[in-house]
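Read the structure below first, then the notes.
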Amino acid sequence: MAAEHSFDIVSKVDRHEVDNALGQAAKEVAQRFDFKGTATTIKWSGEAIEIESTTEERAKAALDVFETKLVRRGVSLKALDAGEPRISGKRAHITCTLKQGISQEGAKKIAKLIRDEGPKTVRSQITGDELRVTSKSLNDLQAVQGMVKEADLDFAVQFTNYR
């Protein structure tokens, strides 16, 4: 009898990579000529990331620099929830949060996709904010991974515990 193979679909962000991207973005903002005199900063504020500058345009430009650094470090932009710029006194602020975990609706959407379009030997089970996918065929599991990667989801997904 063939063994059962499985993997988990999760939505997690590597905080270390985000921290590295934040440091790189802060360094670039401090050194770039177009940010001179704007006192633009990018830093952690609890669990959120706070971008602050003298104008709304400079704050958006700093957000763009940060997003570029995230992409280079392999962090999906779907995991970043950047708020709208808000003016407070003479400063513009943008608060960014990191989205982690798959919501019940998102998990059901992936499970339905697997059930409807995936190979018939594949089963999925929702456990908390993860989705476990099992099958006897490794090829079927790889097909499901490709299908989920191609799906237009509003959150980042990773595949873990591949056995």
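Of the trypsin sites (Lys or Arg not before Pro) found in the range 1-91, those in coil by DSSP whose Cβ has at most 12 other Cβ atoms within 10 Å are Lys36, Lys90. All alpha carbon pair distances within the range 15-98 were sorted into 5 Å bins beginning at 0; the resulting P(r) in whole percents reads 3, 17, 30, 27, 16, 7, 1, 0. Among the GluC sites (Glu not before Pro) in the range 1-72, those located in a DSSP loop and surrounded by at most 16 other Cβ atoms within 10 Å of their own Cβ are Glu4, Glu47. Of interest is the spacing of the C-alpha centroids, which for the range 5-54 and the range 59-93 amounts to 8 Å.
Between Asp152 and Arg86, residue separation times 0.36 nm minus the direct Cα-Cα distance comes to 20.8 nm.
All of the numbers you see were taken from the coordinates with simple rules; none came from a lab. Please read all numbers here as calculations on a predicted model, not as lab measurements. Cβ atoms come from the backbone with ideal geometry, glycine included; neighbour counts cover every protein chain shown.
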